[in-house]
Amino acid sequence: MPSTYFNCRKAFDFRPHLFQVGTFLGSRRGYEDNLFLVKIYEIQAAQFASFYDFHFSYARENKVSDKDFFKYIWDIVAVRIAHLKRRNPFSSYREQNQKRLHQLTLFQTFLREMDKWNLRPIEELLEQKERLIAQQQEQIVELQSKLRVLQEYDVAIKAMVQDDHLPTFIDLIQQMRNLQLPNGRNLLRSDHESPYYKMLAKYFSYEGKDIPVDTLRNYFGKKAREDSRKGVAIPQDKKIFHIVLREHITK
């Protein structure tokens, strides 16, 4: 009778699939579990997912649910791990047993990530939840610390750009970006435009409302003239200020 859970190699099939279990003589009835474990010893950890899916696809054709298949695999792996841990550490098979134990432990770790039904032993589930709670508590403390730092930069009331002069104010910011010191170096230096429009969005309002970041970003984006959208170009009648060095002011 064919195995319900495992895709077994047929006798004298000399070109079997990599993940089929058994030898060239096929698979002995009742030993399919052992042959499945032997195959785990032979494959690489990177192949675990494909190996698992290969046999689950076969089991599914035999009306085995994903939950039942997982539980069956988990149990045979857990039993074999427990068996290997009980083996005499001074026997001549110690090295082989250690290698097999290592491989099965890796496979069991892979299985843990798939346990969406919480079918593992209750002790392990509780330990996992305790670790998760501890990690989340650490993250909460870290986030609270970051929040306190960010709150130092918050303001109760934003500065308000008056009348219809948001473009005028942005023009001043753009001028500041290009100002040069007497030594020829730029007054401000940034490889990106985001510090400017994010500063405006955070600390300034317009017409009694917050200024959307996307609206401000349009003014600072580097675009071809033909691709410019509404609001990118500052109207000439809004450019009413000009920032210059004091020494260049004609008295």
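Could you tell me which of the residues 209, 146, 129, 116 is loosely packed, with under 14 Cβ neighbours inside 10 Å and in the same structural domain as residue 50 (by TED's automatic domain parsing)? Break it down stepwise before answering.
Numbers: 209 fails: in the same structural domain as residue 50 (by TED's automatic domain parsing); 146 fails: in the same structural domain as residue 50 (by TED's automatic domain parsing); 129 fails: in the same structural domain as residue 50 (by TED's automatic domain parsing).
Sole residue among the options that is loosely packed, with under 14 Cβ neighbours inside 10 Å and in the same structural domain as residue 50 (by TED's automatic domain parsing): 116.
May I ask you to list the residues in segment 147-170 that are among the small types (Gly, Ala, Ser) and closer than 15 Å to residue 201 by Cβ?
Start the filter on segment 147-170 by keeping residues that are among the small types (Gly, Ala, Ser), which leaves 156, 159.
Answer for segment 147-170, where residues must be among the small types (Gly, Ala, Ser) and closer than 15 Å to residue 201 by Cβ: just 159.
Given (1) in a loop (DSSP other than H, G, I, E, B); (2) modelled with pLDDT of 95 or more, identify the lone condition not met by residue 119.
The failed condition is (2).
Look through 167, 182, 195 and report the one residue that is part of a helix (DSSP H, G or I), in contact (Cβ under 8 Å) with a residue 24 or more places away in the chain and in the same structural domain as residue 234 (by TED's automatic domain parsing). So that I can check it myself, show each step before the final result.
Numbers: 182 fails: part of a helix (DSSP H, G or I); 195 fails: in contact (Cβ under 8 Å) with a residue 24 or more places away in the chain.
Matching residue, one of 167, 182, 195: 167.
What number of residues within segment 40-82 satisfy the criterion of being surrounded by 13 or more Cβ atoms within 10 Å (Cβ to Cβ) and either β-branched (Val, Ile, Thr) or outside any helix (DSSP H, G or I) (or both)?
The total comes to 7.
Scan segment 10-28 and give yes if some residue there is outside the structural domain of residue 116 (by TED's automatic domain parsing), farther than 28 Å from residue 120 by Cα and within 36 Å of the chain's Cα centre (by Cα), otherwise no.
Looking for residues that are outside the structural domain of residue 116 (by TED's automatic domain parsing), farther than 28 Å from residue 120 by Cα and within 36 Å of the chain's Cα centre (by Cα), one finds at least one in segment 10-28, hence yes.
Which condition number in (1) more than 30 Å from residue 65 (Cβ to Cβ); (2) part of a helix (DSSP H, G or I) is the one that residue 131 fails?
(1)
Is it the case that residue 120 is farther than 30 Å from residue 33 by Cα and not aromatic (Phe, Trp, Tyr)?
no
The values are calculated or read from the model by the stated rules, or taken from the named source; none is laboratory data. Being a predicted model, the structure only gives us computed values, none of them experimental. Positions of Cβ are generated from backbone atoms using ideal geometry, with glycine treated the same way; all protein chains shown enter the neighbour counts.
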